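These notes concern the structure reproduced below.
The values are calculated or read from the model by the stated rules, or taken from the named source; none is laboratory data. Because the structure is a prediction, the values reported are computed rather than measured. Every residue, glycine as well, gets a Cβ built from its backbone with ideal geometry; the counts of neighbours run over all protein chains shown. Accessible surface is based on the protein model in full, side chains and every heavy atom, while ligands, DNA and RNA are left aside. Shrake-Rupley method; radii C 1.70, N 1.55, O 1.52, S 1.80 Å.
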Amino acid sequence: MKGIKRFTALALGFLLVFSSFTINALASDFRSGGREVGGTYVSYSHYLTYTDQRCAMNTQSHYQGNANRAIGTIGVKWSVKSVFTGGNLDSGGVTHSNRGNVYDQSANRLPISESNADFTFKNNGSSWTPNSRAFHCTSVKSLAEEDQPSDVVRDTLKELYNQLKNGGKNTLNSNLEQDITEVVEKLLADNETDVTEFTFKNGKELSVSDFNIVNLAAENSKTPVADGVTFYNTEEDNTSIIELDVKETVFKDENEYKLSGYVVFIDGEEQNLESGIFVELVK
């Protein structure tokens, strides 16, 4: 029955691709996160709009970053995937120096299943590199030949929420603990190049596997917080939180830094998967 309902919703959406002649942009799947970087508050927004009606297939993605004042670097690199094949439909990016905002968007009227955005905020020696994934509000993974990597990640984080709510941190099964470790490394992989620029005191190069899980949480808050980042979840949807850090101080260009990170999954009708690394200049 569930499969029939999904197929019916998709069929209606497909008809709109070919039959609609009016443009009525309806914003949805809107999330944002913000924190302080190098003494300045910065934030990003990442969302989809549906040109014809909510949850139809004519879709466009939007990316915006803001700072309270001009910062050293602000930028976004993005790509969107197809409902039909799971492959890339469109991609792009914009980066500015000494600016307080950045904005970009995909082409319009695309059958987008998933939008992926890598934001960059650098200021006064510190940096925040959040990654945000926004998903179409109709479940469409059955149209691709096989599940996408993000489907597996979301299923794991849903299970994390359920186990934490039902039994707490001390009752997580060993298989889930291993899956959570793999999820963290998978989601932080986009930051691998940035991470390997740092070394420990003994000269060993840092990698994403050096991040330790320091907190697991399941929340239903309008403003969940992970690693100092505030997210906006107006419907108080189920939220899985993983907080991370590198226990030791690391070094780059004779400066000392402290690194931390997070993974957040907001599991409502408008699903968003968020992750990121924060690099704080110590001295």
Within segment 108-122, residues more than 23 Å from S43 (Cα to Cα) and open to solvent by 50 Å² or more (accessible area, probe 1.4 Å) come out as N108, R109
When segment 63-75 is checked residue by residue, the ones that are buried (at least 23 other Cβ atoms within 10 Å of the Cβ) and hydrophobic (A, V, I, L, M, F, W, C) are I71, I74
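Step by step: first the residues of segment 217-226, then only those that are open to solvent by 30 Å² or more (accessible area, probe 1.4 Å) and either touching a residue at least 12 places away in the same chain (Cβ under 8 Å) or assigned to a strand (DSSP E or B) (or both), then the one that is farthest from D267 (Cα to Cα). Which residue is that?
Of everything passing the filter in segment 217-226, V225 is farthest from D267 (Cα to Cα).
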Output for Cβ contacts, cut-off 8 Å, separation at least six or different chains, first residue surrounded by fewer than 11 Cβ atoms within 10 Å (Cβ to Cβ) in segment 158-172, second modelled with pLDDT of 85 or more and in a helix (DSSP H, G or I), reads T171/Q163
Any chance V229 is in contact with a strand residue (DSSP E or B) (Cβ under 8 Å, 6 or more places away or on another chain) and modelled with pLDDT of 95 or more: yes
Of (1) touching a residue at least 40 places away in the same chain (Cβ under 8 Å); (2) open to solvent by 50 Å² or more (accessible area, probe 1.4 Å), N101 satisfies every one except (1)
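Every residue, every condition in (1) aliphatic (A, V, I, L, M); (2) at pLDDT 95 or above; (3) under 16 Å from C137 (Cα atoms); (4) under 15 Å from the mean Cα position of the chain (by Cα), yes or no:
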{"position": "T8", "(1), (2), (3), (4)": "no, no, yes, no"}
{"position": "N24", "(1), (2), (3), (4)": "no, no, no, no"}
{"position": "G34", "(1), (2), (3), (4)": "no, yes, no, yes"}
{"position": "S79", "(1), (2), (3), (4)": "no, yes, no, yes"}
{"position": "F84", "(1), (2), (3), (4)": "no, no, yes, no"}
If we keep only residues of segment 245-283 that are open to solvent by 10 Å² or more (accessible area, probe 1.4 Å) and of a type in the set (A, V, I, L, M, F, W, C), then the residue nearest to P130 (Cα to Cα) is F278
